[in-house]
1. I need MET279, MET431, MET511 ordered by Cβ neighbour count within 10 Å, fewest first.
2. Subtract the Cα-Cα distance of ASP101 and ARG143 from 0.36 nm times their separation in residues, and report this length gain in nm to one decimal.
3. For ARG336 and ASP483, calculate 0.36 nm times their separation in residues minus their Cα-Cα distance, and state this gained length in nm to one decimal.
4. For the chain, what is the calculated [θ] at 222 nm in deg cm²/dmol (nearest 500), taking -39500 (n - 2.57) for each run of four or more DSSP H residues and dividing by its residue count?
5. Any chance you could give the angle, 0 to 90 degrees and rounded to 10, that helix 241-251 forms with the longest Cα principal axis of the chain?
6. May I ask which residue of TYR144, THR226, LEU187 lies farthest towards the positive end of the charge dipole of region 80-231, with charges of +1 (Lys, Arg) and -1 (Asp, Glu) on Cβ and the Cα centre as origin?
7. Hey, of (i) 26.1; (ii) 60.3; (iii) 28.1, which did the structure itself give for mean projected area of the Cα convex hull in nm² when calculated?
8. With each pseudo-label sitting 7 Å past Cα toward Cβ, what's the ARG117-ARG170 distance in nm, one decimal?
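FYI, it's all coordinate maths here, none of it is from the lab. Everything quoted here is computed from the prediction, not taken from an experiment. In this analysis, Cβ positions are derived from the backbone assuming ideal geometry, glycine residues included, and neighbour counts consider all displayed protein chains.
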Amino acid sequence: MSRWIAAALSRPGSLRKALHFTRRVWRSRWGGYPSWKGFHVNGSPRPGEGSGRRVLLATSVGAHLPSVAVESLLAAALRQRGAEVHVLLCDGVLPACLDCDLRWYPNPKAQARLAARGPRNLCPTCFEPALGAFKPLGVRIHRYSDWLRPEDVERARRLAGEIPAADIGRFAWDGMAVGEHARAGALRFFARGDLAGEPAGEAVLRSFFEAALLTTFALRRFFDETPLDCAVMNHGIYVPQGLIGEAARKAGVRVVTWNPGYRKKTLVFSHGDTYHHTMMTEPVGLWEDMDFPPAEEERLMNYLRARWDGREDWISFQDRPRTSAEEVARELNLDRSRPSIGLLTNVVWDAQLHYPDNAFGGMLEWLEETLRYFSRRKDVNVIVRVHPGEVLGAIPSRQRVQDEIARRLGTLPDRIHVIGPESRLSTYAAMTLCDSVVIYGTKTGVELTSMGIPVVVAGEAWIRNKGFTMDAISREDYFRLLDRLPLRARLPEDEVRRARKYAYHFFFRRMIPVKALEPAGGWPPFRVSARDAAALAPGACPGLDTICGGILTGADFVFAPERDAAAVR
């Protein structure tokens, strides 16, 4: 350890930066990474269980601890089922990646250094620890540098310097949306919905663009020369994961993406693309005719109530919420003689992707036009709840909704109430005061409709097209829907039932329980608890069987808790 401390202290900058670097080194070597040493994986083929299937776990960013934890677990489980497992890791060749954000580059000087030199301070504590985590599993490990040629590096550097910054987001290479993921990565880096006012904004964007190009070139060659059946990756957007998905689809390799679920000990998997897209287009036949007995409906409603304080979740944005609706009304000084309409926002920078059916150019445009509309409506109150993730998320937003409202609209009428992201007033309690709620893309619409609250969908919310919301298909259609408000009625019983069936499907069937993941109370939010290979063998965990079956055969990533109730309790 002493040489690592010496290396940290020898770096330019303050002692604070050196200690920050040392802390990361410690975490990379001893904290957060699963240990598979002595874990004897039975890799012999099992008839009918994926024998001979070739799977890539495209971890790439070794410092992303959730990816290493989940994907090393998958490596062990897939080998138990006879799969040939490959792992892809970046070995320091990308000039920017998912691990680069403002926590490491907090000011323009540091950001300019990143743009000029790449993430040299991060790479030493990324590749090696992840390599050490995967090696004991007997998988084939690939490095990015193995698949890049000098001409690729030169071409990426040239394109990243030549393409006008305003055109990067629309740039495509051989039909792959390279620029879209680069732009999304840069926005995530700055925790903003745009790069306006960022001195190093263009330089950092170009770094992400160059990294996106390098990933694309490397992965096209990799998929051309490496026969694979399926490529698995976290999230499926940003740099480099979004480009891995683009290259895999182009090569005809089946794509699987995953994310942590909301409920503790669960994961969400999707076929073909990021769940930001697939959850909106998922066939309703997966859930509308399923069995939904009263006991499971009661279980759902108990869980939805628990989401008010997040006690059953490992992803929650409510910090000790105040859950009394009357308390909310008093604090807002709400005029109860008028009906109220709720507005729920998203975090501005999150998952900035292209959605072809959007009625608006983005969430802020929707919010501005909606508030202008309601500013002219004197017959209703409006309760705007700013997403708590602006301040409680892993990367706090630097472009705040309240600042944008003030800049774009100035002073709002007294009947429009804005609950800030830091407020402990419960989102759910506030929305129960509303006649109806208008959302852009928040997942809260799933819960509100289950409570019978009518919801208008303006953007890319997952409850769109499910048969129990009012979905805008154009600006004109959207404002016609708003003209109908207030409705002065809750959803009909049949629509509430349909909404609850979808909520059950969403929270209990799409969020797949994995026994070998335990809440950790820190970062990552879970740890691998499997003690031996038997814990990951076929039949040991129904949820893991569902996940591996989807990866190996293309089966739906839908868990059936009614078949094995013990697996989700």
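1. Going from least to most buried by this count: MET279, MET511, MET431.
2. Between ASP101 and ARG143, full extension yields an extra 12.8 nm.
3. Working: separation 147, 0.36 × 147 = 52.92 nm, distance 2.03 nm.
So the extension gain works out to 50.9 nm.
4. Taking each H run of at least 4 residues, the total per residue is -12000 deg cm²/dmol.
5. Result, in degrees: 70.
6. LEU187
7. (i)
8. Label-label distance for ARG117 and ARG170, simple model: 3.7 nm.
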